[in-house]
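Chemist: The structure follows.
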């Protein structure tokens, strides 16, 4: 079997006496979209935070291409290939749409955050940023200040930043949260396009079961911070674990 791009081994975090993520061991392959589901408070976003480095683990390992990155910073993990989108948008609100994407393109190219480097290189990076904006249907808004965008367009822009970053692992935490029924399909189509590339690992925290049915190759279920189920969508969604969790019933200890 092909070695996983990303894996967690006995990954655990405690806040005082509360175990928020409890010894989760899971591996993720390239070309696979895994939906992470569970009731509120199950530990889904905390698990994401441990993988991307927003919070340190109490114990356990995060392996990227077989190397343990659990002690590394967020920026180091990003450079190594982990890209993260949040429940709340994480953008530069006072810059233009184009400048947001160009900054990421510059960082990816190793030029840091200098907006005034060589003109020829700037032209190349601007063209690359515009190509990404065209892909997410935001090219017409290239000069608009981000704070003036609708919530839906801000979510699309965050996907654009991830595409410009071109990570090995895409992490989406409820990417359609707060979006209208007209806006959400655009983001979901973009995630589907990334999945169709077959060479990226995608993790998706999502509550909408219709979205999960459409996109997921695999589902893992967290409950009380522990891994409660892992398998093919039809199998997991038919399981008592998922049925009880989404009916709001109390699950027995895992």
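Chemist: Whether any residue in region 155-165 is touching a residue at least 40 places away in the same chain (Cβ under 8 Å) and surrounded by fewer than 16 Cβ atoms within 10 Å (Cβ to Cβ) is what I want to check.
Modeler: Looking only at region 155-165, we keep the residues that are touching a residue at least 40 places away in the same chain (Cβ under 8 Å), and these are 155, 157-162, 164-165.
Okay, now just the ones that are also surrounded by fewer than 16 Cβ atoms within 10 Å (Cβ to Cβ), so none.
No: region 155-165 contains no residue that is touching a residue at least 40 places away in the same chain (Cβ under 8 Å) and surrounded by fewer than 16 Cβ atoms within 10 Å (Cβ to Cβ).
Chemist: Under 6 Å between Cβ atoms, at least 6 apart or on separate chains: pull out the pairs that start in region 28-57 with a residue that is over 29 Å from residue 196 (Cβ atoms) and end on any residue that is assigned to a helix (DSSP H, G or I).
Modeler: Filtered contacts from region 28-57: 39/245; 55/49; 57/50.
Chemist: Within region 152-193, work out how many residues are in contact with a strand residue (DSSP E or B) (Cβ under 6 Å, 6 or more places away or on another chain) and part of a helix (DSSP H, G or I).
Modeler: Going through region 152-193 one residue at a time, the tally reaches 3.
Chemist: If you don't mind, another one. Check 201, 176 and return the single one that is closer than 28 Å to residue 75 by Cβ and modelled with pLDDT of 90 or more.
Modeler: From the options 201, 176, the qualifying one is 201.
Chemist: Quickly run through region 177-202 and pick out the residues that are in contact with a helix residue (DSSP H, G or I) (Cβ under 7 Å, 6 or more places away or on another chain) and under 13 Å from residue 31 (Cα atoms).
Modeler: Taking region 177-202 and keeping what is in contact with a helix residue (DSSP H, G or I) (Cβ under 7 Å, 6 or more places away or on another chain), we get 178-180, 183, 186-188, 190-192, 195, 200, 202.
Residues satisfying the conditions are 191, 192, 195, 200, 202.
Chemist: For region 207-236: of the residues being within 22 Å of residue 22 (Cα to Cα) and outside any strand (DSSP E or B), which is modelled with the lowest pLDDT? Explain how you work it out, then say what you get.
Modeler: First, the residues of region 207-236 that are within 22 Å of residue 22 (Cα to Cα): 207, 218-231, 236.
Still in the list and also outside any strand (DSSP E or B): 207, 224-225, 236.
Working: 207: 82, 224: 91, 225: 94, 236: 88.
Only one residue fits best here, namely 207.
The values are calculated or read from the model by the stated rules, or taken from the named source; none is laboratory data. Only a predicted model underlies this, so the values are computations on that prediction, with no experimental measurement involved. All Cβ positions, even for glycine, are placed from backbone atoms using ideal geometry, and neighbour counts span all protein chains on display.
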